1. Go through the range 144-169 and give me each residue that's on the phi < 0 side of the Ramachandran plot, away from the ligand (no atom under 14 Å from the Cβ) and not basic (Lys, Arg).
2. Enumerate the pairs (first residue in the range 468-494 and within 18 Å of residue 171 (Cβ to Cβ); second residue anywhere and among the hydroxyl-bearing types (Ser, Thr, Tyr) and at pLDDT 95 or above) with beta-carbon separation below 8 Å, excluding pairs fewer than 6 apart on the same chain, so at least 6 apart or on different chains.
3. Could you check residue 298 against (1) in contact (Cβ under 8 Å) with a residue 60 or more places away in the chain; (2) more than 16 Å from the ligand (Cβ to nearest atom); (3) over 18 Å from residue 351 (Cβ atoms) and say which number it fails?
4. Out of curiosity, is residue 181 within 12 Å of the ligand (Cβ to nearest atom), open to solvent by less than 10 Å² (accessible area, probe 1.4 Å) and small (Gly, Ala, Ser)?
5. Checking residue 337 against (1) at pLDDT below 95; (2) more than 28 Å from residue 278 (Cβ to Cβ), only one condition comes out false. Which one?
6. Scan 342, 272 and give me the residue that is closer than 30 Å to residue 88 by Cβ, touching a residue at least 40 places away in the same chain (Cβ under 8 Å) and part of a helix (DSSP H, G or I).
7. Take the residues in the range 241-259 that are open to solvent by less than 10 Å² (accessible area, probe 1.4 Å) and at pLDDT 95 or above; name whichever of them is farthest from residue 371 (Cα to Cα).
8. Within the range 101-114, which residues are under 30 Å from residue 68 (Cα atoms), surrounded by fewer than 19 Cβ atoms within 10 Å (Cβ to Cβ) and touching a residue at least 24 places away in the same chain (Cβ under 8 Å)?
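The values are calculated or read from the model by the stated rules, or taken from the named source; none is laboratory data. Because the structure is predicted, anything quoted here is derived from the model rather than measured. FYI the Cβ positions are ideal-geometry reconstructions off the backbone, even for glycines, and counts take in every protein chain you see. Note: accessible area is taken over every heavy atom of the protein model, side chains too, but ligands, DNA and RNA are not part of it. Shrake-Rupley method; radii C 1.70, N 1.55, O 1.52, S 1.80 Å.
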Amino acid sequence: MTLHDETTPPDAAALAHPVSGGAAAGSRHARAVGNLASRVYPDGDDARADPWSIDLERIQFSPYFSRLSAVTQVVSPSMGGAPVHNRLTHTLKVSAIARVVALQLNTRSRQAGEGDVCNATVVEAAAYAHDLGHPPFGHLGETTLDRLARDELGLADGFEGNAQTYRILTALDVVENAPRGLNLTAAVRAASAKYPWAPSVGAADIERIGPPRGIRRSPDGAYRVHKYSAYDIDLDDLAEARQGVDAEPLRQSIEGAVMDLADDIAYSVHDVDDFYRAGILDHAPIAAEFRGWLDDVLEWRSRDDAEVRAELAPGAGLERLRRKMRRDDPWIADDEAFLAAVSDVDAEMVTDLLARPFDGSLTAERRLAGFTDRWIRRFQESARLRPLDTPRAGPVVLSPWAWHHVEVLKFVHKRFVLSRPDLAIQQRGMSRILARSVRALGEWLDDDLDRARTPRRLRELIALAREQYAQLPAERRPTDAEAETLARSRGIVDYVASLTDAQAFALSEAISGRADRLWALGQRL
Ligand SMILES: Nc1ccn([C@H]2C[C@H](O)[C@@H](COP(=O)(O)OP(=O)(O)OP(=O)(O)O)O2)c(=O)n1
């Protein structure tokens, strides 16, 4: 069985389903365009070109965007060795994929006699923006900064890469004619919010539709908000942006949903590419895992959960994945689709690709390019509009078949790359580097005798956060003393989060007394 069966275009009836708040798909932009294009501050630039292209340009010209070339995707680009994706090369691919998905959705909609369903330039802008908030060292940096923010700095809304993206767009980055942020349109800001809520989202709001992806109910009944696109001080900006798009509470806009699935498509394929090239994806253990599951599908399905959780034999990882998908996403999980996905990945990736180690030859390059092109195209073509019948999915989704294939590819990466102890040990070191920098900056700010020499940018970031806390509505505004502490904390986190991997290394070493790192931070300090 192959993916091809399931990449047929969605039918006209599917396209006519209500999306984002019940509007007929084709009428959405025509009706709301005034609000979609609104900016927080008056902006002379809008006379120059269409507002979405202006936003796209602002993001592409941002120093936060250039910085992504020196930020970890999975492993740090500053480590040398085999070339791997960094957050910039990843972003470029997400945006190329997202644009094609958007255009395909529009073409099919027009063929079905409807208008466009999404704005391709807004989709592209959101894709360019989507990872701006990734801190040094990628996900590891995100977890470390979140822990430090909550446990040591008193920030109840922690640190989250998506929320940091939104903060950069709307508060930290600058354009000439606005006091803060890039002054983007409501449509682009809303589309950049993959998880359109803050950690303070109320249980009643969650219960209205059920917990979306990024929010989980824990055994004590409370909701844990793992992913979110706004900190408390940026929430009003997000709420205002979302008034301009007709997305329901806790639901992505159509353009945001396209960006989200393009992200999944991009990394599920290019992570395999990176680690196959680097010689990290060993054929034998991966083939054993796939064979171990495929040779005993019925037997695996019949075993009880506790047994499978403890099982070490090859195949157990895939079985745990199957159970997790059924548990978390019963609206789409399907045993036949899972079996097809494991069989296809086994045939096309494990047997065709990994069995022959990458040797740098043009033949190997062609084989890899064929694999990448084929899978990206299938996934792209499978994207379709979906009625809002589950809180776990946005208004645009991958087909069930493509979704299972993406999940199996991600599994290979998680199981055979991310869980390696050699990667883990290095990440533990990087975590220490960030913790050292955060603590040392805090001590410096507390040093009455030397505070005046702290970096000007750090003090400006603190002042910005202080101003934002002071502008919160009375019922959410902290006291002046609390705001002072919170602003200091948010400023430190903003400062460290916007370093590149190499700058984070240099800061930590310089602050620990390594004399040869004196100029390594450049103008940053
Ligand atoms: N513990 C982890 C988790 C993920 N990754 C890598 C694998 C992918 O290349 C990329 C995925 O992370 P993204 O931030 O791009 O996307 P997600 O969809 O996982 O998260 P989010 O929705 O928060 O963007 O990061 C990693 O190195 N370590």
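1. 148, 149, 151, 152, 153, 155, 156, 157, 168, 169
2. 477/469; 478/469; 483/469; 486/469; 487/469; 490/231
3. All conditions pass for residue 298, except number (1).
4. Values: within 12 Å of the ligand (Cβ to nearest atom): no; open to solvent by less than 10 Å² (accessible area, probe 1.4 Å): yes; small (Gly, Ala, Ser): yes.
Against the criterion (within 12 Å of the ligand (Cβ to nearest atom), open to solvent by less than 10 Å² (accessible area, probe 1.4 Å) and small (Gly, Ala, Ser)), residue 181 does not qualify.
5. (1)
6. Numbers: 342 fails: closer than 30 Å to residue 88 by Cβ.
Only one candidate qualifies: 272.
7. So, considering only residues that are open to solvent by less than 10 Å² (accessible area, probe 1.4 Å) and at pLDDT 95 or above, the one farthest from residue 371 (Cα to Cα) is 241.
8. The one that is under 30 Å from residue 68 (Cα atoms), surrounded by fewer than 19 Cβ atoms within 10 Å (Cβ to Cβ) and touching a residue at least 24 places away in the same chain (Cβ under 8 Å): 104.
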